[in-house]
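The values are calculated or read from the model by the stated rules, or taken from the named source; none is laboratory data. The structure displayed is predicted, hence computed values, not measured ones. Cβ placement follows ideal geometry from the backbone for every residue including glycine, while neighbour counts extend to all protein chains displayed.
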Amino acid sequence: MHLIDLDKAKPGMTLAKSVYTLQDVLLLKPDVRLTEKNIHILKSWGIHEVWIDDAAGEGVAGRMGPEHERRAFIDDELRVKFSETLPDPLMEEILRIAGNILEKRLQKQEKNHGAQKS
């Protein structure tokens, strides 16, 4: 199983894990074969990465999803969205706190969905 950028996903690849929105809405279940339409819908929901079965993801540079990569992704996204306010120390602190909240939400989501799959 590999975590890959959605931009590298190809039709015919098989999902290894369910895909959820940040609001915890199920978009696709495991074992679904991706189509162009699925990939487009996932992008429209702001999904950036998907877990792909090893056999389906061969030849695609994937990565395992360590905690530090998730946090780096959250921090990067927040900085892009609030780039014009970053020189302000108060906004830096707000972004740090928002990042902590988002990271905890994602960890809880992964834990809950991991328990459901078992």
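Please verify whether the range 102-110 includes one or more residues that are within 18 Å of Leu28 (Cβ to Cβ), at pLDDT below 70 and of a type in the set (S, T, N, Q).
Let us first name the residues in the range 102-110 that are within 18 Å of Leu28 (Cβ to Cβ), namely 106, 109-110.
Of the ones still in play, those that are also at pLDDT below 70 are none.
The answer is no; no qualifying residue exists.
Taking the range 1-39 only, how many residues are part of a strand (DSSP E or B) and exposed (fewer than 14 other Cβ atoms within 10 Å of the Cβ)? Talk me through it step by step, then tell me what you get.
Quick first cut of the range 1-39, residues part of a strand (DSSP E or B) only: 2-5, 14-15, 19-20, 26-28, 33.
Those still in the list that are exposed (fewer than 14 other Cβ atoms within 10 Å of the Cβ) too: 5, 26, 33.
Counting residues in the range 1-39 that are part of a strand (DSSP E or B) and exposed (fewer than 14 other Cβ atoms within 10 Å of the Cβ) gives 3.
If a residue has to be surrounded by fewer than 15 Cβ atoms within 10 Å (Cβ to Cβ) and not in a loop (DSSP other than H, G, I, E, B) to count, how many in the range 40-53 make the cut?
Number satisfying all stated conditions: 4.
Can you say whether Asp54 is modelled with pLDDT of 75 or more and on the phi < 0 side of the Ramachandran plot, as far as the supplied structure shows? Break it down stepwise before answering.
Working: modelled with pLDDT of 75 or more: no; on the phi < 0 side of the Ramachandran plot: yes.
In short, no.
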